[in-house]
């Protein structure tokens, strides 16, 4: 066995790029792009990148087949240069990586404070000599060099003795050493086929609306270029035709380029603004919901730790309508905020507390309201223009504090930033209904249901539409929605409570009794008399007059 088999290969990233064995032998690849591959890998999470990502950075101007062939040649160049240590480079059909047990990188142990007194012009250069002509790699390298230099400059006012790479408050050179709050991302891709100025404009407008809606939910950031963190890519293609515009959407996993989902809608040209078309609004919200679900799967299968992982897991738990799951969701959102202090995480925490209140849990209601209001206020301070933050704030004020005017104003603000935010629409509808504008309230809630597409909010939107239907005297519609909610979300209590007086109003006493008995099993103190009390979360039914029926009618 070679004397240094178990010793690491040393890679110098600061100054001239070098690869050496532990005994000093030069293992640096001859090909410049082969060296660039190593540079990309050592600044990637777990020293790993997809083949597609490497091709995009180093052969962005070539066809996929040419890029793949060039990548294979460069990998062979690396193996030849490594010689006896060739096994530290690992590659399969999708990814390329370096064995972290067999390499050491100077960035991991470099004391940056040693450079803090030097002039900016005298600072060492990251990956000196690795400049190549590919614009994607040039952009990446420029950003990494700038971030490296900025880390040194930031130390000039700090205590230098304890600072090393890997412990900086905001490190950005080297994703293996990146902060936990590095966010997953989404990038909008250009159209593949030219469809003229009109098609390009519609494609861009619809795509930007989609990625903004995805980002607002809190677990993802919009990016103009590929990043090391897990991400999604979205392509929107609009083809104008004489009587309609066909819009096609494709969602990809960013690094593998695997297609995750696609959808198409035909948008009739009726003379109105295209974003106001219900068909297009359905496609936009459907894409937002599916992107959130797909991102959840991408993050779960990724070894990194991201705030988005905790947040998306919390969303999944929140809509299980279970008290323990809500407590777990609250902890996950708290963890997400600690890693990445975004207002949306606080807003979701405040909103989650409305679920417990809706379940009529025996708890300190005043303390719950105060905590929810505190969370919401802070969320709006951090992200005052986030449509989803404002929508969630609207519901907290309307439902928990019964401040319907405030809820109305916040929902309207939400819709100014995103007119098709389904939560903003539904919560504005609820606020209007409770302010006596019953028809307007129902129409808004019904529109939210119409354009929401499949997603976690569906049962809540069905329920809210049912409430506004009751207040606008659409009892059959409310009964239909209540029955659907009970069938699809049997653990969701509020719709079942409303079913009891609705069945009695329709003269269906036997069905009313069946639902009543089922509710008594999961909520022993449930009764129609209890629902008449102001402390009970049934203000809509009390306002409708349906609670004129009593338990004796069962």
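The values are calculated or read from the model by the stated rules, or taken from the named source; none is laboratory data. Values in this document were obtained by computation on a predicted structure and should not be read as measured data. No Cβ is skipped: glycine too gets one built from the backbone with ideal geometry, and neighbour counts run over all protein chains shown.
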Next on the checklist: Condition first: more than 13 Å from residue 237 (Cβ to Cβ) and modelled with pLDDT of 80 or more. Now tell me which residues in the range 183-197 satisfy that.
Outcome noted: 184, 185, 186, 187, 197
Checklist outcome for this item: Reported set for the range 211-225 where residues are at pLDDT 85 or above and either within 18 Å of residue 298 (Cα to Cα) or assigned to a helix (DSSP H, G or I) (or both) is 211, 212, 213, 214, 215, 216, 221, 222, 223
Checklist entry - Only one of these conditions is not met by residue 387: (1) farther than 19 Å from residue 431 by Cα; (2) crowded, with 20+ Cβ neighbours inside 10 Å; (3) in contact (Cβ under 8 Å) with a residue 60 or more places away in the chain. Which number is it? => result (1)
Item to check | Tabulated pairs, the range 186-203, first surrounded by 12 or more Cβ atoms within 10 Å (Cβ to Cβ), second in a loop (DSSP other than H, G, I, E, B), C-beta under 6 angstrom, 6+ apart or interchain | outcome: 186/220; 187/223; 203/191
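Looking only at residues in the range 296-309 that are modelled with pLDDT under 80 and assigned to a helix (DSSP H, G or I), which one is farthest from residue 256 (Cα to Cα)?
Residues of the range 296-309 that are modelled with pLDDT under 80, as a first pass: 300-309.
Filter again for assigned to a helix (DSSP H, G or I), leaving 300, 307-309.
Details: 300: 16, 307: 22, 308: 19, 309: 19 Å.
Ranking the qualifying residues of the range 296-309, first place goes to 307.
Any residue at all in the range 1-8 that's modelled with pLDDT of 85 or more and either assigned by TED's automatic domain parsing to the domain that holds residue 111 or closer than 18 Å to residue 147 by Cβ (or both)? Show your work before the answer.
First pass over the range 1-8, keeping only residues modelled with pLDDT of 85 or more: none.
Among the residues of the range 1-8, not one is modelled with pLDDT of 85 or more and either assigned by TED's automatic domain parsing to the domain that holds residue 111 or closer than 18 Å to residue 147 by Cβ (or both), which makes the answer no.
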Next on the checklist: Which pairs turn up if I take residues in the range 225-237 that are over 9 Å from residue 252 (Cα atoms) and look for partners that are surrounded by fewer than 22 Cβ atoms within 10 Å (Cβ to Cβ) and at pLDDT 95 or above with beta carbon separation below 6 Å, at least 6 apart in sequence or on another chain?
Outcome noted: 237/248
Checklist entry - From the residues in the range 94-115 that are out of contact with any helix residue (DSSP H, G or I) (no Cβ under 8 Å at 6 or more places or on another chain) and not in a helix (DSSP H, G or I), which one is surrounded by the fewest Cβ atoms within 10 Å (Cβ to Cβ)? => result 101
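Here are some residues: 159, 149, 208, 180. Which one is modelled with pLDDT of 75 or more, surrounded by fewer than 19 Cβ atoms within 10 Å (Cβ to Cβ) and more than 25 Å from residue 416 (Cα to Cα)? Let's see the steps before the verdict.
Working: 159 fails: modelled with pLDDT of 75 or more; 208 fails: more than 25 Å from residue 416 (Cα to Cα); 180 fails: modelled with pLDDT of 75 or more.
Criteria check complete, one pass: 149.
Hey, among the residues in the range 485-499 that are part of a helix (DSSP H, G or I) and in contact with a helix residue (DSSP H, G or I) (Cβ under 6 Å, 6 or more places away or on another chain), which one's surrounded by the fewest Cβ atoms within 10 Å (Cβ to Cβ)?
Restricting attention to the range 485-499, the residues satisfying the condition of being part of a helix (DSSP H, G or I) are 485-488, 493-499.
Imposing the further condition that a residue be in contact with a helix residue (DSSP H, G or I) (Cβ under 6 Å, 6 or more places away or on another chain) reduces the set to 485-486, 494-496, 498-499.
Values: 485: 23, 486: 17, 494: 23, 495: 26, 496: 22, 498: 27, 499: 26.
So, considering only residues that are part of a helix (DSSP H, G or I) and in contact with a helix residue (DSSP H, G or I) (Cβ under 6 Å, 6 or more places away or on another chain), the one surrounded by the fewest Cβ atoms within 10 Å (Cβ to Cβ) is 486.
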Checklist entry - What residue, of 519, 502, 481, is in contact with a helix residue (DSSP H, G or I) (Cβ under 6 Å, 6 or more places away or on another chain), touching a residue at least 24 places away in the same chain (Cβ under 8 Å), in a helix (DSSP H, G or I) and surrounded by 22 or more Cβ atoms within 10 Å (Cβ to Cβ)? => result 502
Checklist entry - Within the range 452-467, is there a residue that is free of Cβ contacts under 8 Å to residues at least 24 places away in the same chain and closer than 24 Å to residue 402 by Cβ? => result no
Next on the checklist: Out of the residues in the range 522-549 meeting the condition of being in a loop (DSSP other than H, G, I, E, B) and under 14 Å from residue 470 (Cβ atoms), tell me which one is nearest to the chain's Cα centre (by Cα).
Outcome noted: 538
Checklist entry - Residues of the range 395-440 being outside any helix (DSSP H, G or I), in contact (Cβ under 8 Å) with a residue 24 or more places away in the chain and over 19 Å from residue 462 (Cα atoms), which ones? => result 401, 402, 418, 419, 435
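Among the residues of the range 61-77, write down those that are part of a helix (DSSP H, G or I) and under 37 Å from the mean Cα position of the chain (by Cα). If you could, list the steps in order and put the result at the bottom.
As a first pass, look at the range 61-77 and keep what is part of a helix (DSSP H, G or I): 64-77.
Correct list: 64, 65, 66, 67, 68, 69, 70, 71, 72, 74, 75.
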